[in-house]
Amino acid sequence: MTLPQTTTNTICITGGTGSFGSAFARYLIANTTHKVRILARNEHKIEDLQRELPPSARTTYIMCDVRDVAALRQAFDGAWAVVHAAALKVVPMGERHADEFVKTNCIGSQNVIAAALSASVRRCLLISSDKAVQAINLYGASKRVAESLFIQANVLGVSRGCAFSVVRGGNVWGSAGSVATVWRQMAQAGETIEVNDPGVTRFHLLMKDWTAFV
């Protein structure tokens, strides 16, 4: 179902101050009439984004964590859609702190589902990753679990008019943690740019294309 651009609805973005979340908020403000609720747990990132996108009749900031289902229920109240972008993503960190990745990426996604159903949200979209395909690390595995939870949620959502779906993205060029940032730093330092393997396949996206697609 395509949302008519003449209709004003409220869209919640978890992880709303991250690279994708903030870009998607900018996209919605610039290209639609929708109201946007930006959910994040980092107070400094909220403060920084507020300087660019000040709170207004269309833009609301809510400090909460996806690990807190009660806070999510309050944040989602009256919303038409939720775009779930909150996640821990740094691959080596996932190997060293698997429990933290599970709490945010898996249990956090389960909380988003429960809160969306409770608040009668109509559409709920998980922002996933190409690393969920035949996952070889904890980050990818945790996103794969989140995907299964979202698809399964349609069993509960169908009778309530709530549809859950998943979209996978590749490496967003220039985003936080992007290899482009690492390569740029190496080039500026006069170092040889390194790759993991000459035969590796990477899928790169421009942020403007990724936000429009979502």
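The values are calculated or read from the model by the stated rules, or taken from the named source; none is laboratory data. From a predicted model like this one, the values you see are computed outputs, not experimental measurements. Cβ coordinates were reconstructed from backbone atoms using ideal geometry, including for glycine residues, and neighbour counts include every protein chain displayed. The protein model used for the area step is the full one, side chains on, heavy atoms only, and it has no ligands, DNA or RNA in it. Shrake-Rupley method; radii C 1.70, N 1.55, O 1.52, S 1.80 Å.
From the residues I107, P92, F164, which one has its Cα farthest along the dipole of the stretch 73-214 in the positive direction, the dipole being from +1 and -1 charges on Cβ of Lys/Arg and Asp/Glu about the Cα centre?
Going by the Cα projections, it comes out as F164.
Modelling each spin label as a point 7 Å along the Cα-to-Cβ direction, I'd like the K208/D130 distance in nm, to one decimal.
2.1 nm
Given a Förster distance of 30 angstrom, what is the FRET efficiency for Q188 paired with V90, based on the Cβ-Cβ distance and rounded to 0.05?
0.85
Modelled label-to-label distance, A180 and N196, 7 Å Cα→beta-carbon offset: nm?
It works out to 1.9 nm between the two label points.
Could I have the simple spin-label model distance between A114 and L156, label points 7 Å from Cα toward Cβ, reported in nm to one decimal?
Inter-label distance under the simple model: 0.8 nm.
Sort the following peptides by mean Cβ neighbour count (other Cβ atoms within 10 Å, averaged over residues), highest first: 124-131, 81-88.
81-88, 124-131
Can you check what the net charge comes to around V133, using other residues whose Cβ is under 9 Å from the Cβ of V133 (Lys, Arg +1; Asp, Glu -1)?
+2
Rounded to whole Hz and in sequence order, give me ³J(HN,Hα) for the stretch 199-205 from the Karplus expression 6.51 cos²θ - 1.76 cosθ + 1.60, θ = phi - 60°, writing x for Gly and Pro.
The phi angles translate into x, 5, 10, 10, 10, 9, 10 Hz.
With +1 assigned to the C-beta of every Lys and Arg and -1 to the C-beta of every Asp and Glu, and no other charges, what is the dipole magnitude of the chain about the Cα centre in debye, to the nearest 20?
It works out to roughly 600 debye.
Helix-derived [θ] at 222 nm for the chain: sum -39500 (n - 2.57) over DSSP H runs of at least 4, divide by residue count, nearest 500?
That comes out to -11500 deg cm²/dmol.
Could you put T201, T17, T60 in order of accessible surface area, largest first, with the 1.4 Å probe and the full protein assembly present?
So the residues, ranked largest to smallest area, are T201, T60, T17.
Out of V112, V91, V102, any idea which swings most in a Gaussian network model of the chain, alpha carbons joined below 10 Å?
Ranking V112, V91, V102 by mean-square fluctuation puts V91 first.
Under 13 Å from the Cβ of S19, count the other residues' Cβ atoms, weight Lys and Arg +1, Asp and Glu -1, and hand me the total.
With Lys, Arg at +1 and Asp, Glu at -1, the neighbours total +3.
Answer with one residue from F213, W173, V155: the one whose Cα lies farthest towards the positive end of the charge dipole of the stretch 96-214, charges on Cβ with Lys, Arg +1 and Asp, Glu -1.
Final value for the positive-end residue is V155.
Specify, per residue and in Å³, the volume enclosed by the convex hull of the alpha carbon atoms belonging to the stretch 107-214.
121 Å³
Apply the Karplus curve 6.51 cos²θ - 1.76 cosθ + 1.60, θ = phi - 60°, to the phi angles in the stretch 107-119 and return the couplings in whole Hz, x for Gly and Pro.
5, x, 5, 4, 5, 4, 4, 4, 5, 5, 5, 4, 8
Alpha carbons only, please: Rg and Dmax for the chain, in angstrom.
Rg and Dmax of the chain, Cα atoms, are 17.5, 59 Å.
Among G21, W80, I38, which residue has its Cα furthest toward the positive end of the charge dipole of the stretch 1-87, with +1 on Lys/Arg Cβ and -1 on Asp/Glu Cβ?
Towards the positive end, the residue furthest out is W80.
Which distance in Å, rounded to a whole number, links the C-alpha centroids of the stretch 149-179 and the stretch 93-108?
17 Å
So, with a 1.4 angstrom probe, what is the percent of accessible area on the chain that is carbon and sulfur?
About 54 percent, which is the carbon plus sulfur part of the accessible surface.
Provide the net charge surrounding V83, with neighbours chosen by a C-beta distance below 11 Å and charges set as Lys +1, Arg +1, Asp -1, Glu -1.
Local charge sum for V83: +2.
Quick check on packing: order 136-143, 25-32, 71-78 by the mean number of other C-beta atoms within 10 Å, highest mean leading.
Ranking, from highest mean packing down: 136-143, 71-78, 25-32.
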